[in-house]
Every structure is written in C-alpha cells, then in structure tokens.
Amino acid sequence: MKWIHVAAAGAGCQPAYMAKEGSLSSYQRSARGPQSLALLVLLAFLGTVAAADAKGPSAQLIATVAAAEGHINAGEHAAAYDLLLPLEEEGQAVPRYNLALGVAALALRHDDIALRAFRRLEATDPERAVVRFGLAQALYQSGELDEAEERFRAIAQTAASEKDRAAAQNYLKRIAGERRADRRYNVNLGLAVGYDSNANFATADNEYLGLPIRPEDVKQDTAFAEARADLGISHRFSDDRQLRAKLAASYRSNPDAPFVDQGVAGLELAYGYRLGAWRGAVVADYQQRWLDNTEYREEIGGELRFDRALPRGWLFGVVGRAARLDFNAPRYILQDANRYLLALSADHRDWWRKGSVTRLTLFGGGDEVSRFGSPYGNRRFGARSGVSLPLAGKTRFSAEVLYSWIRYDNARGFLGERRVDHLGFAQLALEIPGRLWHGATLVPRLRYIRSSSSVDLYDYDRLEATLFLVQSL
C-alpha cells in the first residue's frame with residue numbers, strides 16, 4: 001500500500017521513509033485555512049503493524065482500516081476520517097488504526113485528533129521515523145511550536161537519513177520565521193468607483209398617504225468614489241494567545257446625492273485564545289459615522305467568538321454581540337438603541353473544489369430602544385449563505401445571499417401600521433491579485449438589495465456596481 005501525496009508545501013526536503021510521490025507536507029499556517037496534505041509511509045512499516053494487529057482487533061476493524069487506507073490512497077481523507085473516528089475506542093490500541101487516523105486527521109486539520117493518534121503510536125514505537133515525524137507535524141499544526149521545535153531539532157540531529165534531517169530543518173526554519181513574526185503589521189489602501197441606483201435607501205414614491213416626501217427621502221441614483229485605509233497590528237504572546245488591533249477609515253462621495261456623503265472611522269481590539277479543541281476571541285470595537293460631514297452615529301460594542309472543527313471537514317462557530325447605538329442628529333435620536341445579536345455558523349472547505357469555502361450562518365437578535373415612545377425597537381431573524389471558489393491563478397470568485405425578517409415593536413410611529421420588513425441581499429465579486437503590480441488587487445463587485453415592508457414608505461431596491469483597487473503594503 002502507498003500513501004499518495006496531495007500537496008507538499010515543503011517539497012524538496014523529503015524524509016527517507018517516504019515514497020517518491022511526496023512527503024509529509026510542511027503545512028504553513030494561514031488565516032485562509034488548511035492546505036491538503038498526506039503522510040507517505042513505507043510498505044514495510046504498514047506490513048509490520050498489520051501483522052502485529054492481526055491477533056487482537058476484530059475483523060470489522062481490520063476491514064474498516066483497509067477501506068480507510070484505500071480512501072487515503074485516493075486522496076479522500078474526509079471519507080477515511082468518517083470511517084475511522086467512530087471506532088476510536090476499539091482501535092486506539094491498534095498501531096495500524098492510529099496511523100491511518102493520524103494521516104486523515106492531519107489532512108483535514110483535525111489537529112487534536114491527529115495529535116492524539118500519534119501520541120498513542122509514540123507510546124508503542126517511539127523511535128520509528130514515521131511516528132516521530134508525524135507527531136512533530138501534528139504538534140506544529142496544533143500551534144504547539146515549543147514542543148514541535150524540540151522534536152524537529154531532535155530529528156534533525158539524530159535521524160539516520162539525510163532526507164529526514166533536511167525535512168526537519170525545513171520545519172525548524174518555518175518555526176523560526178513564525179517566531180520572528182510574533183508581531184506583525186499590515187496596511188491596506190483602497191480606492192473605488194461605481195454606480196449606486198439608490199444611495200439613500202429610499203422609496204421611489206414622491207408622496208405617502210397623500211403627503212409629499214422630502215426630496216432627500218426619495219430614491220436618488222448617483223455615481224460615487226470611495227477611499228479607504230486600514231492598519232492591522234497583531235502580537236502573539238504564546239501559541240495559544242494573540243492580541244490583534246485594527247484601525248480603519250473610509251470616505252464615500254456621491255456627487256448627485258451629497259446629502260448622503262458618508263465617512264466612517266473605527267477601532268477593533270481582539271484577544272484570541274485556544275481552549276482545548278475550541279478557539280475563541282473577545283472583541284471590543286468602536287465606530288463613528290458621519291453623514292454629509294456631520295456626526296451621524298456612534299457605536300460601541302463587544303463580541304464573544306468561538307469555533308471548533310467537526311467531522312466531515314466542517315467548522316462550527318458561535319458569535320454573540322452586544323452594542324450601544326447613539327445617533328447624534330436630532331432627526332435620528334429616536335433610533336438610539338441597545339443591539340443584541342447571536343449567530344451560529346458552519347463552514348466547509350474543499351466542498352465544491354480544492355480551496356473552496358462554503359459558509360451558512362443563522363442569526364437572530366433585536367434593538368431595545370432607549371427613547372420612550374420610539375417605534376424603532378425590533379426583533380430580527382435571518383440566514384446568510386456564501387461560497388468562495390478559486391479560479392485560474394490566484395483569482396477567487398465569491399457569491400453571497402442573505403434574508404432577514406424584521407418586526408418592529410411599536411406601531412404608533414408608523415401611522416398606526418404594524419411594520420414588518422423582509423430584507424433580501426445578493427452579491428457577486430471577484431478578487432484578482434497581482435495583475436497590475438505587486439501587492440495590488442482588483443475587486444469588481446455587484447450587489448443587489450431589496451426591502452419589502454408592510455409600510456409602503458420603507459419599500460425600496462438598490463443596485464450597486466463597484467470596482468475596488470486595493471494596495472497592500
């Protein structure tokens with residue numbers, strides 16, 4: 001049996017115990033998620049453990065492991081993982097089972113499961129090359145850089161094969177690079193031009209119930225230009241703790257609708273941590289908005305975020321948010337509110353094709369108004385779904401849809417009508433990096449918004465076409 005190499009980030013430094021097709025991949029951690037990888041092992045080792053296992057494990061377990069090995073050979077790591085994980089209690093004492101589970105879990109970035117499997121292998125055969133390297137790989141992918149560095153250093157010093165030593169040195173260089181990058185800075189500058197069919201989110205009617213509507217409250221189309229900038233700073237205190245800060249600002253000019261020229265400035269602080277198989281973050285943020293060069297809205301809020309890897313390649317997430325909204329202009333102060341939201345998300349990678357990301361989010365919450373008699377208190381529920389796909393080169397295509405149902409608590413402010421809104425949103429976009437010059441990304445985007453309300457005054461639609469140019473420094 002052979003283990004087929006899927007993607008080797010560290011190609012060129014292959015341990016001697018691996019077949020010619022590939023290596024134990026040098027996985028480089030990134031915010032965009034895992035790369036596919038596989039562990040390639042000598043037939044001699046698998047023959048040895050298979051013979052040792054034959055006396056103890058059940059026929060069902062042996063057949064399941066064999067089937068899983070076939071899936072791994074075909075690059076179907078998710079199928080192998082789904083076969084093996086339910087049998088962990090029975091198979092945990094069987095080296096052949098632990099090896100197959102460790103390989104599949106490494107490929108799918110179920111790092112806690114992979115680490116568990118390779119630690120069991122270490123307990124039975126700590127000096128075998130595949131066990132030493134697999135365990136070091138699992139530690140590295142789990143973010144346990146201190147122990148991973150210690151084990152890779154031992155492999156680099158004592159391994160019998162020159163290729164083993166070279167592969168370990170490759171990982172040591174990566175770890176050293178990550179330690180130098182404990183503090184990182186990122187600057188993005190952006191310019192955009194486009195067309196907006198309804199810059200003020202307004203009805204197309206000139207009157208309501210026989211009463212005239214102010215011109216600035218009637219649908220207005222316009223071309224627009226936008227500038228934006230953001231600065232990100234991150235500092236890693238340890239493998240499990242990180243602090244991130246982001247400062248962002250933007251300004252949008254609407255020549256045919258200057259009364260909705262808008263500026264935004266904000267600061268976000270996030271403290272990330274790991275608790276076993278869970279990753280979490282505590283977030284605090286502040287944002288100030290200006291409308292027509294006048295202070296419009298101030299928001300201060302906080303979030304708790306958690307996510308965890310699940311079987312079949314899924315990532316489950318939970319986000320809870322609370323925020324205070326204060327409107328500065330007298331016209332809008334009835335909208336002052338405390339906002340509460342809860343969202344549940346499920347992400348899947350490599351579903352449509354390698355490198356793809358699919359996400360489904362369900363959310364609910366509402367606004368508790370702070371002004372007596374305000375009609376803007378509400379309850380809202382909805383769903384959001386999106387997919388991102390790699391295209392030729394480094395280009396990516398993304399599509400997203402959203403539906404939200406919003407019911408307002410008080411009818412008195414809407415001329416006796418009970419207001420219920422149905423909000424729909426759809427967006428298509430491309431990210432095209434590197435076509436103009438280094439660090440530049442073109443982002444053409446098309447979005448459509450439709451609001452259908454039981455109060456006709458709040459019916460509107462909006463089509464927006466934008467071309468962004470983003471320069472990363």
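For this structure, a couple of remarks:
- What separates the Cα centres of region 97-161 and region 284-301 is a distance of 49 Å.
- Charge dipole of region 250-386 about the Cα centre (unit charges at C-beta), most positive-ward option of I333, Q262, P311: P311
- Coordinate range of the alpha-carbon atoms in region 283-413 per principal axis, descending: 53, 32, 27 Å.
- Average projected area [Cα convex hull, region 412-462], square nanometres: 4.9
- Helix-only mean residue ellipticity at 222 nm for the chain, each DSSP H run of n ≥ 4 adding -39500 (n - 2.57), per residue, nearest 500: -7500 deg cm²/dmol
- Rg/Rg_ref, region 329-395, where Rg_ref = 2.2 N^0.38 Å and atoms are Cα: 1.74
- Summing charges over neighbours of S385, with a neighbour being any other residue whose Cβ is under 9 Å away from its Cβ, gives +1 when K and R count +1 and D and E count -1.
- Largest-first ellipsoid semi-axes for region 94-195, taking √(5λ) over the Cα gyration tensor eigenvalues, angstrom: 33, 19, 11
- Fraction of the pair-distance distribution of region 222-352 above 26 Å, Cα-Cα pairs, percent: 42
- Between L172 and A229, the simple label model (points 7 Å from Cα in the Cβ direction) yields a spacing of 4.3 nm.
- J(HN,Hα) series, region 269-278, from Karplus relation 6.51 cos²θ - 1.76 cosθ + 1.60, nearest Hz, glycine and proline x: 10, 9, 10, x, 8, 10, 10, x, 7, 9
- Above 39 Å, the calculated P(r) of the chain contains 37 percent of its Cα-Cα pairs.
- In plain terms, the bigger the Kirkwood radius, the slower the diffusion; for region 232-276, with that radius from Cα pairs, at 25 °C and 0.890 mPa s, Stokes-Einstein puts D at 187 µm²/s.
- The slack between Y251 and R450, meaning 0.36 nm per residue of separation minus the straight C-alpha distance, is 69.2 nm.
- Listed from fewest to most Cβ neighbours within 10 Å, the set D230, D256, D111 follows the order D256, D230, D111.
- Taking the charge dipole of region 200-257 about its Cα centre, with +1 at Lys and Arg Cβ atoms and -1 at Asp and Glu Cβ atoms, the residue from L211, S250, S234 reaching farthest to the positive side is S234.
- Gyration tensor verdict on region 383-446 (Cα atoms; rounded if a/c is under 1.5, prolate if a/b is larger than b/c, oblate otherwise): prolate
- Among W352, F201, A138 - extreme Cα towards positive end, dipole of the chain, charges at beta-carbon: A138
- Student exercise, region 152-248 dipole from Lys, Arg, Asp, Glu Cβ charges, in Debye to nearest 20: 1220
- Cα coordinate range in region 281-323, projected on the principal axes (Å, largest first): 51, 18, 11
- About the Cα centre, charge dipole magnitude for the chain (Lys/Arg +1, Asp/Glu -1 at Cβ), debye: 1080
- The residues packed around A223, meaning those with a beta-carbon under 12 Å from its beta-carbon, carry a net charge of -4 if Lys and Arg are +1 and Asp and Glu are -1.
- Directionally averaged shadow of region 80-147, computed from the convex hull of its alpha-carbon atoms, nm²: 4.1
- Shown here: region 354-473, whose C-alpha atoms stretch 57, 26, 25 Å along the first, second and third principal axes, sorted largest to smallest.
- Only Lys, Arg, Asp and Glu carry charge here, each on its Cβ (+1 for the first two, -1 for the last two); on that basis region 180-319 has a dipole of about 1260 debye about its Cα centre.
- Seen against the Cα atoms of the chain and their longest principal axis, helix 145-158 is set at about 30 degrees.
- Value in Å of the Kirkwood radius, where region 160-209 supplies the Cα pairs that are averaged: 17.4
- Descending semi-axes in whole angstrom, ellipsoid equivalent of region 197-253, from the Cα gyration tensor: 45, 15, 7
All of the numbers you see were taken from the coordinates with simple rules; none came from a lab. Everything quoted here is computed from the prediction, not taken from an experiment. Neighbour counts are summed over all protein chains in view; Cβ atoms, including those assigned to glycine, are modelled from backbone coordinates with ideal geometry.
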